[in-house]
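Encoded as structure tokens, the structure appears first; notes follow it.
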Amino acid sequence: MINYIKGVLTAKSPVLAVVEAAGIGWELKIPVSTYEKLPRLGENCQLNTFLHFTQDGPRLYGFASVAENELFQLLISVSGVGPRTAISIISTLSISTFIRAIQLGEEVILIKVPGLGKKSVQRLIVELKDSIHRVGEYLEPGEMIQMDKNALEVESALLSLGFNAKDIQRVVSMITAEDKKLTIEELIKETIKRLYQRSK
């Protein structure tokens, strides 16, 4: 198996990266979250990898972190979830958000992922509830933000309003103990205000 590839980044897009190593240009399919962490073209790059075999032949997937790689492999082990859906999940939600949504059974958050229907979401919750915590063990210190159910409701409401999932994650991660004294409605309004402040 190919555990990782280290070389020069020669091409990139939100869905793939090409890394030249040992005179070979390796094409890797990637999630958007990995694309956002790639260096400039011509710079050294290292990606964790997973080689997946399909009827159309082998495909190499690349990830910026071990946690992304582990989540990808866990997702494709679920019946009915293929690599395309797994990449869509990792591209749409942060790993910590996905873990919390599975643990708390938050269908509203999960159904925002392109390609996921209600039945698929319910299957993910049932099949991953007892094993999803393992992915959290690969996150860097501070990446796994502990969030209560109220904060998850805020995140779900903002997703339904069309705000960017990554922007929501950044703002919600800064919710303080003082903020938690607010009602859900007040917390949503406060979070929206902070989102607009960040965009200025």
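Structure notes:
- Every residue from the range 30-56 that is over 18 Å from T85 (Cα atoms) and of a type outside the set (A, V, I, L, M, F, W, C): E36, K37, P39, R40, G42, E43, N44, Q46, N48
- Selected residue (criterion: surrounded by the fewest Cβ atoms within 10 Å (Cβ to Cβ)) from residues of the range 16-29 that are in contact (Cβ under 8 Å) with a residue 40 or more places away in the chain and under 26 Å from N164 (Cβ atoms): K29
- Residue satisfying condition, being out of contact with any strand residue (DSSP E or B) (no Cβ under 6 Å at 6 or more places or on another chain) and either surrounded by fewer than 19 Cβ atoms within 10 Å (Cβ to Cβ) or within 22 Å of E27 (Cβ to Cβ) (or both), within set A67, A86: A86
- Filter result for S160 (over 15 Å from the mean Cα position of the chain (by Cα), of a type in the set (G, A, S), modelled with pLDDT of 75 or more and closer than 24 Å to L74 by Cβ): no
- L110 vs. criteria under 20 Å from K29 (Cα atoms) and in contact with a helix residue (DSSP H, G or I) (Cβ under 7 Å, 6 or more places away or on another chain): no
The values are calculated or read from the model by the stated rules, or taken from the named source; none is laboratory data. Quick caveat, the model's predicted, so the values are computed rather than measured. No Cβ is skipped: glycine too gets one built from the backbone with ideal geometry, and neighbour counts run over all protein chains shown.
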